[in-house]
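Worksheet: the structure to be examined is printed underneath.
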């Protein structure tokens, strides 16, 4: 990238995001480049949708390209969220495992990443191996190849992170599955939703309420919590099915 292009991108970012958030983005880019180089991981490079295989061929069109969530933005979101660190943290659509790694380094003791693209899970597993001596000894961290609309969510699955990982139909399927789990195992849950393109779907199909929002760099985070006295008609219909 030439100096002219860098200057143009910097000006465009400053115009769109403002100086403070543009500086946050710049620092995040540097931080992530250092992260991979220092730790021997592969989290930065994007992976196009055409290179991803999925569990079922008919869902190929539902796959989204892999784009990482920046570590500094993640640490900001985890600081803002009141989610307890001792409960299981689930990264829905975990890709190469960047969120899983940062969650473990941020104090979450039980961390699980789910993705239905085997290429990404393979990379995520290699990243976990590269980081095994740097992760907290008391943290249980793993990634699993799974369809999030069919995965099992048990009574300890209480914290969920999503970075706009799939289309509206898959979001609905995930919410319905999680809604069934809440019906079977009533509990409090916390969700962190980055760049929430399908927030309306989540609010329709899960008994959750928005509790706050924050911005960091180019990201917007929405924080939601389960409210036992709030249940949408859609969520009730799913539980009774």
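Quick notes on this structure:
- Gained length - residue 188 relative to residue 129, 0.36 nm times residue gap less alpha-carbon distance: 18.0 nm
- Take the Cβ atoms of residue 168 and residue 122, set R0 to 35 Å, and the FRET efficiency comes out at 0.80.
- In terms of surrounding Cβ atoms within a 10 Å radius of their Cβ, 226, 140 rank from fewest to most as 140, 226.
- Segment 131-154 and segment 76-126: distance between their alpha carbon centers, rounded to Å: 7
- Net length gained if the chain between residue 23 and residue 139 were fully extended (0.36 nm per residue, minus Cα distance): 38.5 nm
- Taking 0.36 nm per residue of separation and subtracting the Cα-Cα distance, full extension of the segment from residue 79 to residue 150 would add 22.6 nm.
- Sites residue 210 and residue 30, calculated FRET efficiency, Cβ-Cβ separation with R0 45 Å, nearest 0.05: 0.90
- Three-way shape label, segment 61-190, alpha-carbon gyration tensor, a/c 1.5: oblate
Only the coordinates and a few stated rules stand behind these numbers; no lab work does. Keep in mind that what you see is a predicted model, and the values were worked out from it rather than measured. Cβ sites come from the backbone with ideal geometry, for glycine too, and all protein chains shown count toward neighbours.
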